[in-house]
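The values are calculated or read from the model by the stated rules, or taken from the named source; none is laboratory data. The structure presented is a predicted model; accordingly, all values stated were derived computationally and were not measured. As a convention, Cβ positions derive from the backbone with ideal geometry for all residues, glycine included, and neighbour counts pool all protein chains shown.
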Amino acid sequence: MLNKIGVIGAGQMGSGIAHVCALAEHDVVIVDIDAAALEKSLGRIDGNMDRQVKRTLIAEEDKAAALARIDTATGLDALGDCDLVIEAATEDEATKVKIFESLCQHLKDSALIASNTSSISITRLATATDRPEKFMGMHFMNPVPMMKLVELIRGLATDDHTFTQVQELTKKLGKTGTVSEDFPAFIVNRILLPMINEAVYTLYEGVGNVDSIDKSMKLGANHPMGPFELADFIGLDTCLAVMQVLYEGLADSKYRPCPLLVKYVEAGWLGRKTGRGFYDYSGDEPVPTR
């Protein structure tokens with residue numbers, strides 16, 4: 001049984017994963033080297049659960065009980081009694097490898113490890129651990145409390161017991177798991193990010209501006225968000241990182257990141273989290289930057 005769950009990373013994804021695990025009656029510990037990020041994470045979880053209470057999705061007592069199940073820590077040693085640790089650090093392979101190399105010495109022998117990576121090879125990440133057979137991908141969608149999908153990715157060495165336990169946990173969290181092979185960007189981002197990248201090329205080549213492209217895709221293809229709204233929500237640095245994984249992993253020029261996307265990331269215009277991306281969020285309403 002996967003009773004206690006550790007989450008590495010107190011950002012938006014880690015907070016969301018901790019949120020749904022605690023509501024599903026699991027004890028949770030969130031680990032991040034930044035104590036301020038942990039405080040922010042607890043505030044984010046509290047606020048998101050408040051919204052669920054107001055929408056009558058959960059009861060006030062459910063919220064109180066879930067928050068009481070969440071602990072935080074700044075060291076990996078706090079994960080020693082966890083049955084499963086889910087890594088939700090930044091989408092950078094070197095960072096993730098460093099975490100996994102430090103993590104295993106703190107875990108009990110039976111503990112499973114999952115990565116929330118949206119694009120990086122699970123087989124390759126598993127080699128940074130002492131238990132590749134107990135390692136797999138568990139890619140949650142953002143925002144985690146609202147989105148129903150979790151992509152489940154086996155590495156070459158992942159054993160059946162590990163996969164079955166994580167699959168059962170996914171169901172217990174109220175999510176639907178889809179099985180993806182361990183190819184760059186898996187299913188969702190293999191399809192979604194090239195679409196966003198193509199939208200940036202469409203902007204780069206002057207076919208349309210941000211507003212017209214977003215409106216066209218919302219009204220013409222019935223997408224709930226335009227590609228630039230979505231890119232800003234995901235984070236342009238994450239979009240670029242996924243495109244680089246696709247381009248390098250599949251060696252196909254159709255995955256080449258648009259130079260304009262690269263320029264925005266170099267400028268630090270990463271979307272909502274920095275207050276500016278393809279839209280400027282400093283006012284009451286987002287304003288296109290191109």
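Summary table
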{"quantity": "The range 249-290, residues that are more than 19 Å from Thr90 (Cα to Cα) and of a type in the set (D, E, K, R)", "calculated": "Asp252, Lys254, Arg256, Lys263, Arg276, Asp280, Asp284, Glu285, Arg290"}
{"quantity": "Candidates Ala65, Ala78, filtered to the one that is surrounded by fewer than 19 Cβ atoms within 10 Å (Cβ to Cβ) and closer than 16 Å to Glu25 by Cα", "calculated": "Ala65"}
{"quantity": "Residue match in the range 264-271 (condition: closer than 22 Å to Pro184 by Cα and either of a type in the set (D, E, K, R) or out of contact with any Cys (no Cβ under 7 Å at 6 or more places or on another chain) (or both))", "calculated": "yes"}
{"quantity": "Qualifying position, being within 21 Å of the chain's Cα centre (by Cα) and buried (at least 21 other Cβ atoms within 10 Å of the Cβ), among Val242, Val210, Val262", "calculated": "Val242"}
{"quantity": "3 or more residues in contact with a helix residue (DSSP H, G or I) (Cβ under 7 Å, 6 or more places away or on another chain), assigned by TED's automatic domain parsing to the domain that holds Glu93 and modelled with pLDDT of 95 or more: qualifying helices (runs of 4 or more DSSP H) within the range 194-278", "calculated": "none"}
{"quantity": "Tally of residues being crowded, with 18+ Cβ neighbours inside 10 Å and of a type in the set (Asp, Glu) across the range 26-53", "calculated": "1"}
{"quantity": "Matching residues in the range 191-212 - criterion: being farther than 18 Å from Ile234 by Cβ and in contact (Cβ under 8 Å) with a residue 12 or more places away in the chain", "calculated": "Tyr204, Asn209, Asp211"}
{"quantity": "Given (1) under 22 Å from Glu248 (Cα atoms); (2) under 17 Å from the mean Cα position of the chain (by Cα); (3) of a type in the set (A, V, I, L, M); (4) outside any helix (DSSP H, G or I), number of the condition Ile191 does not satisfy", "calculated": "(4)"}
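Matching residues to (1) under 26 Å from Gln165 (Cα atoms); (2) touching a residue at least 40 places away in the same chain (Cβ under 8 Å):
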{"site": "Met1", "(1), (2)": "yes, yes"}
{"site": "Lys4", "(1), (2)": "yes, yes"}
{"site": "Ala18", "(1), (2)": "yes, yes"}
{"site": "Ala35", "(1), (2)": "no, no"}
{"site": "Leu57", "(1), (2)": "no, no"}
{"site": "Glu101", "(1), (2)": "yes, no"}
